[in-house]
Structures are given as C-alpha cells and as structure tokens.
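Remarks on the structure that follows.
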Amino acid sequence: MHFLTELKEGLLISFRAIRANKMRSVLTTLGIVIGIVSVTLMSTAIEGVNRAFDKSAKAFGTDVLYIEKFPWVNSEDWASIRNRRDLKASYAAQIERKSSFADAVAPVMATRRPVTYLSNTIDDGLVTGTTSEYSSAAGVTVEDGRFFNAEESGGGRPVCAIGATVAENLFPKEDPIGKTLRVAGHPFTVVGVFEKQGGLFGEFTSDTRIYVPLVAFQSFFGGRRYVTIQVKVSDIKRMEDAKIELEGVMRTIRNILPGKANDFNINQQEILTQTFAPISLVIASIGLFITGLSLFVGGIGIMNIMFVSVTERTKEIGIRKAIGAPRRSILMQFLSESAALCLMGGLIGLIVSYPLSLIVDQFLPTSMPLSIVFISILISLTVGVISGFLPAYRAARMDPVEALRYE
Amino acid sequence: MSTMIELKNITKMYDMGGAEEVHALQGVSVTLQKNEYVAIMGPSGSGKSTLMNIIGCLDTPTSGQYIFNGVNVSEMSDNELARVRNREIGFVFQTFNLLARSDALHNVELPLIYAGTPAAERRRKAMETLTSVGLGDRARHKPNELSGGQRQRVAVARALVTSPSIILADEPTGNLDTKTGEEIMILLEELHRLGNTIILVTHEADIAEHAHRVIRIRDGKVESDESNGHRRTYKTAAHAS
C-alpha cells in the first residue's frame, strides 16, 4: 500500500538530487551512456550480419540442390577429394530425364571477362553460362524484361540477362533492355535485369553476374570449367528424398561401383545456415560480452558515486530516520536514485546510438532491433538497482543517532 | 492522568573498543504522565543526550525497561522503533534539521509520507499545521529563505503534524537569539496548553524554568526530580490555532 507513495517520494527525491548535482550526474551517467551505446550498436551490427547472411542464404533458394565437384563446407579431407573427375554440363539433361523430383535443372559455369558498354567497363565481369531452365532453378526473379528463353538458350543466341549491380555500372542513366554490351569483345543484347539481392557472398549473388546462354558461353570462352548443376525440387517437403534420388542418378551417370564413395557433392542452403549459426552465436556472444564490460564499468561508476551520495547525505538520512522512515524507505530512496541515473543514461544512450545505427546501416544494411530498445532499458534499470544496492543498504542500516550527529 | 513514559532502571553502555566501556546511563528510572511539561537538564557529558535518544526511540537501552504508552519499546527492532518515532514522537532539534532542498510544506509533509497518508490529505494537514505555527504564507519557501525562528517553527510543525504522543525538543532555542527563542518557548507552552506532552532537553536554566517539572541528570544518574514551583509563563497566547 505504501509502496507506490514511497516509490513516488523516492523518485522525487532522486530527481531533486540529480538536478542538484548536474555535472556529477552527467559524468556518472556517461559511463552508462557509453555502455548502452556500445551494446546497442554491437547488437545492431550483429543483426546486420545475420540479416546479410539470411539474405544471401535466401539467394540459394531453400528448394534448390547444387550438384558440384566439391562441397561448400569442407568437411572431408581435401586430399581425398581433390582428384575428383570434373562434372559435365551435359549431366543436366540426363538428370532431368531420370529424376522424378527435379522441376528444373540448369548447368552453370562461369568465368571472369571484361564487360563493356560504350565507355563503361567492368574489368572482371562474372560471366555465367547457363540454360533457360536457370530462371526457374534459381532463387532470384527478373525485375525488368525476361530471362532468355529455351530457343535462345538452345541456339546459343547472343543475348544476356544481367544482375542489378552490373546494370547500375554499365547503364547508369539508361534502360539496359535492348542494348548491346560486349563481353570480351563479343556482343550480347540485354533481355532482362535481375532484382537486387545484396548479401555477404558476392560470388553467389546474381547482382554482379552476366548470364549468357551456355552454348554461346562454351563456344566463346571454352567449356572445360567448374560446373554446378542446379536442381529445383518440386516438393520442398521432400528435399531429403530428392537428395537420395539425385545421388543415385548421379552415381549411375558417373558409373560409380557399389561400395565406392561418391565423387561429387550435393550442396544446399541448409549446409550454409547450419555452418553459420554457431559462428554467428560465437561472434554475438563475444561481441556482447566485450561491450557488456563497458556497461559493467559504468555500473561501478554509479556504485561509486552512490557511495559518495550516501555519505554526503548522512545527515538527511538521520533526519528521515528520526521522523520515522523505515529501512525500506531509505533503501528505496537510494535505489530509485541509482536506477533513475542509469535509466537516464540508458535513454540518452539509445538516443545517441540511433543515429549511429543509421551510419552503420550505410555499410551493413541493418536497423536497431526494437527488442534491443526494451532490453537496453531493462539492462540499465538492472545495472542501476544492482550497483545502487550496496550504497543504499549502507544508508538504510545507518544508526539514526550517529547519522544525525554527522556534520 | 495516565502514564505516558515509564523508564525502569535504564542503563546504556558504549563499547569504546578494547576493554574500555563508557557508562552513559547508570540505572535511570523516571515516570512521565500525559500532558506533562518536563525539562531534562544536565551539563554536557551528563548522559542527558543519551537519555533523550532513548526516550525518543532513536536508541535502545543496554538494560532496563522502557514502557511507552503501555508498550515495551526497549526490545523493539529498528523498523518497529521507526514506526513509533513516526506515529508517537515529534522531534524538535537545536539545529532544526530540515531538509535543505525541500520547501517548508514538503518538510512538514515528510512524516506523513512515511506514515502512508494519501497525498491530498497529507497536503491539507501539513498546510493546516504550518498555518497553526504562523507560517501559512511561507509554505513554498526553502529553509535558506527563512529566518532561524521561522525554521524552528517549521520544525515544530513537522513535529506536530502526525499528532504525536510526545514532543521531544532538544535545545530548541540553542541556535536562536533571545527574542526568537522566546517565541519558540511561547509556541511550546501553547502546545502544552492544548494538551500535548512536552519533554524539553536543555542545559540552560532559564529555558528549563518554563517546564512544570525539572529532572536533573549528572554522571548518568538522576540527580534531582522536582516540580518547578516558580516557573516562567507567558500570558499572551501569541499563536492560538
């Protein structure tokens, strides 16, 4: 019943005390401000890394399997896999025929070549040869125009679809559709532009790629290259079955005898997420631990100044006790003072870190998670209560006679 | 008349570290009635401050019994004593002991906050009490904006606001000039006339003269305890409420 009255009184006293010692309060609070700023910025950065990862991972498509010579995440002994036979682009057609789960199968190979349009040049454009099936086997959508069709693909016509970054660099002021760019001197007409993907793994996004029909690619740039065969599975719930079936199909194509190990890998997005999750957890824990230290230092500052405050106000404590303040009220008074100080620090910290998070956003697309706002407020309150406790307890236990005598 | 305070063979011992002990009180037995006006006198070091602290429930005796209003307070816990101080005892100190950063009204309200009185009633009572000591127009002034006499009257209002059983005034005029000191004594007399029990602790004989009964303390013992036949009174009631 008294609790609210006491809390209100405690807060009133705190604000009066904080106002009376403005400079000291500001300096003390600075520790908490810095702590909260570093914790929120770290969380924002971690959020950015996670988002970038999610976005990148999404580009692979959750329902797409990637048959390759090597695994994405190297779990096997490199020596045992380095001598594997190359994959052939022609497997794609065989897989499509033999697999019941495959919706679309696209062989993909790539090389770096200069790409030019008028005076604009990309020195090492990621030129990618594939078939028209790619448009359904890839996790990306064409934003403008279209992907090349089966006819263009089969006939090896000089057409291409380009990623968003390529479009920005080569055609800063024009609509790329219908324009003819040159890849290592060979003309290709742009028929489509992909939607921007962003993400961490520059190599894997469509943003920096120039897609040309595989037939044209092979004749201009050669066909003995690292091949990835992308298989879009018709039923996402049966990815495992599809994987088992594909393994069988591949073993048949490659004539692998029973008992012999596979000389290829079937990769999928899940492998990346599974690999990244623990790494991201470790980064987050270490980051938050280190920034948490600064908050801890801030808390010590608060404790220190609260001890000073209690000593300074010994007489006041004596007066309050003499006129009947129970221990609890005195405890509450100083606890609410340190909690108010820290809360103030936390709020200032949030106000400071918000614009800083916008700056972080320029480099790593992210935003301050809403949850961190509430967590910061909660953390600063907790720091306030914890670091205020010892000084407040000392105040509460003071002997009224001695406190009154204090000058 | 009913018994308000009963001290039975009270001793207080301070441990000064090592084997050294100070016997501040050595078996004090005193009984005070309701609506008495008592002065406790004694030179410094006599133990009168210790006695006041015990009567005021700021401290507990080493041995002996203290019955306050029929309740044994000598073995109460800190928080129980705080409650007795809050409800039953009004302190008036030599150095006023007001909260410097709070205005007069808030200072008077303070005991009611710890008593858990609702805000509106608190304000009303505090204002009423301030007015009764003649400071209704100074409610919003901070202690440093008030004269010594006014500060002491705020302190008296603070002591009165909970309608305590006793008012314990420790050298209430010690920091005031003769004229303002006199004003405070008139105020105490007035309060006594209105039915309050007043205990005045002082070392000045002419201040003690206002009381109806004078208890002298020396070396931790009651030296004398007699009613004051030739007490000084003020005929004019300066601040009738």
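The values are calculated or read from the model by the stated rules, or taken from the named source; none is laboratory data. All of these numbers come straight from a predicted model, not from anything done at the bench. All Cβ positions, even for glycine, are placed from backbone atoms using ideal geometry, and neighbour counts span all protein chains on display.
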(request) Can you tell me which residue within the range B:111-120, out of those that are out of contact with any Asp or Glu (no Cβ under 9 Å at 6 or more places or on another chain) and in contact (Cβ under 8 Å) with a residue 24 or more places away in the chain, is farthest from the other protein chains (Cβ to nearest Cβ)? (result) B:Ala115
(message) Condition check: away from chain B (no Cβ under 14 Å), in contact with a Phe, Trp or Tyr (Cβ under 7 Å, 6 or more places away or on another chain) and surrounded by fewer than 18 Cβ atoms within 10 Å (Cβ to Cβ). Does A:Ile253 satisfy that?
(response) yes
(message) Please go through the range A:216-264 and give me each residue that is touching a helix residue (DSSP H, G or I) at 6+ places or on another chain (Cβ under 7 Å) and part of a loop (DSSP other than H, G, I, E, B), ordered by number.
(response) A:Asn262, A:Asp263, A:Phe264
(request) Of the conditions (1) small (Gly, Ala, Ser); (2) touching a residue at least 60 places away in the same chain (Cβ under 8 Å); (3) within 14 Å of another protein chain (Cβ to nearest Cβ), A:Gly287 clears all except one; give me its number. (result) (3)
(message) I need the full set of residues from the range B:137-147 which are without any contact (Cβ under 8 Å) to a residue 40 or more places away in the chain and in contact with a Ser or Thr (Cβ under 9 Å, 6 or more places away or on another chain), in order please.
(response) B:Asp137, B:Ala139, B:Ser147
(request) Filter the range B:37-55 for residues that are under 13 Å from B:Val84 (Cα atoms) and either away from chain A (no Cβ under 14 Å) or in contact with a Lys or Arg (Cβ under 7 Å, 6 or more places away or on another chain) (or both) and give the result. (result) B:Ile54
(request) Kindly indicate which of A:Ile379, A:Ile359 is away from chain B (no Cβ under 13 Å), surrounded by 18 or more Cβ atoms within 10 Å (Cβ to Cβ) and out of contact with any helix residue (DSSP H, G or I) (no Cβ under 6 Å at 6 or more places or on another chain). (result) A:Ile379
(message) Quick check on my filter: what residues within the range A:175-218 are more than 18 Å from A:Tyr134 (Cβ to Cβ) and at pLDDT 90 or above?
(response) A:Asp175, A:Pro176, A:Ile177, A:Gly178, A:Lys179, A:Thr180, A:Leu181, A:Arg182, A:Ala184, A:Gly185, A:His186, A:Pro187
(request) Collect the residues in the range B:194-225 that are exposed (fewer than 15 other Cβ atoms within 10 Å of the Cβ) and within 19 Å of B:Gly181 (Cβ to Cβ), keeping them in residue-number order. (result) B:Glu204, B:Ala205, B:Asp206
(request) State yes or no: is B:Glu190 surrounded by fewer than 23 Cβ atoms within 10 Å (Cβ to Cβ), acidic (Asp, Glu) and closer than 30 Å to B:Thr3 by Cβ? (result) yes
(request) State whether one or more residues within the range A:56-79 are farther than 30 Å from A:Ser234 by Cβ and either assigned by TED's automatic domain parsing to the domain that holds A:Pro355 or assigned to a helix (DSSP H, G or I) (or both). (result) yes
(message) Anything in the range B:151-182 that is buried (at least 21 other Cβ atoms within 10 Å of the Cβ) and touching an Asp or Glu at 6+ places or on another chain (Cβ under 6 Å)? List them, or say none.
(response) B:Pro164
(request) Would you point out which residue out of B:Gly134, B:Gly195 is away from chain A (no Cβ under 13 Å), under 16 Å from the mean Cα position of the chain (by Cα), in contact (Cβ under 8 Å) with a residue 24 or more places away in the chain and not in a helix (DSSP H, G or I)? (result) B:Gly195
(message) Condition (residue is of a type in the set (Val, Ile, Thr) and within 21 Å of B:Ala205 (Cα to Cα)) applied to the range B:25-35: is it met by at least one residue?
(response) yes
(request) Could you tell me whether any residue of the range A:22-38 is more than 30 Å from A:Leu370 (Cα to Cα), out of contact with any strand residue (DSSP E or B) (no Cβ under 6 Å at 6 or more places or on another chain) and within 14 Å of another protein chain (Cβ to nearest Cβ)? (result) yes
(message) Residue under question is B:Gln65, and the condition is that it be within 16 Å of B:Ile198 (Cα to Cα) and among the polar types (S, T, N, Q); does it hold?
(response) no
(request) Within the range B:198-224, count every residue that is assigned to a strand (DSSP E or B) and either more than 9 Å from B:Ile40 (Cα to Cα) or at pLDDT below 85 (or both). (result) 6
(message) Within the range A:46-58, does at least one residue satisfy the condition of being under 30 Å from A:Ser387 (Cα atoms) and either surrounded by 15 or more Cβ atoms within 10 Å (Cβ to Cβ) or away from every other protein chain (no Cβ under 14 Å) (or both)?
(response) yes
(message) Just to be sure before I move on: is A:Ile317 within 14 Å of another protein chain (Cβ to nearest Cβ), assigned to a helix (DSSP H, G or I) and buried (at least 23 other Cβ atoms within 10 Å of the Cβ) in the structure I sent?
(response) yes
(request) Pull up the range A:392-407, narrow it to residues that are out of contact with any Leu (no Cβ under 7 Å at 6 or more places or on another chain), surrounded by fewer than 21 Cβ atoms within 10 Å (Cβ to Cβ) and assigned to a helix (DSSP H, G or I), then point me to the one that is farthest from the other protein chains (Cβ to nearest Cβ). (result) A:Arg394
(request) May I ask you to list pairs of residues, at least six apart or on different chains, whose Cβ atoms are under 7 Å apart, with the first in the range A:1-29 being hydrophobic (A, V, I, L, M, F, W, C) and the second being surrounded by fewer than 19 Cβ atoms within 10 Å (Cβ to Cβ)? (result) A:Met1/B:Gly116; A:Ala20/B:Arg101
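Okay, residues lined up against (1) within 14 Å of chain A (Cβ to nearest Cβ); (2) assigned to a loop (DSSP other than H, G, I, E, B); (3) closer than 24 Å to B:Val161 by Cα:
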position	(1), (2), (3)
B:Asn35	no, yes, yes
B:Cys57	yes, yes, yes
B:Gln65	no, no, no
B:Leu81	yes, no, yes
(request) Write out, first by first residue and then by second, each pair whose Cβ atoms fall under 8 Å of each other, whose residues are 6+ apart or on separate chains, and whose first residue, in the range B:70-85, is on the phi > 0 side of the Ramachandran plot while the second is crowded, with 17+ Cβ neighbours inside 10 Å. (result) none
(message) The conditions are (1) within 13 Å of another protein chain (Cβ to nearest Cβ); (2) out of contact with any strand residue (DSSP E or B) (no Cβ under 7 Å at 6 or more places or on another chain), and A:Ala322 fails exactly one of them. Which is it?
(response) (2)
(request) Please find, within the range B:67-79, the residue that is surrounded by the fewest Cβ atoms within 10 Å (Cβ to Cβ) out of those that are within 14 Å of chain A (Cβ to nearest Cβ) and aliphatic (A, V, I, L, M). (result) B:Met76
(message) With the requirement that a residue be touching a helix residue (DSSP H, G or I) at 6+ places or on another chain (Cβ under 9 Å) and either aromatic (Phe, Trp, Tyr) or within 17 Å of B:Gly220 (Cα to Cα) (or both), what does the range B:1-18 give you?
(response) B:Leu7, B:Ile10, B:Lys12, B:Tyr14
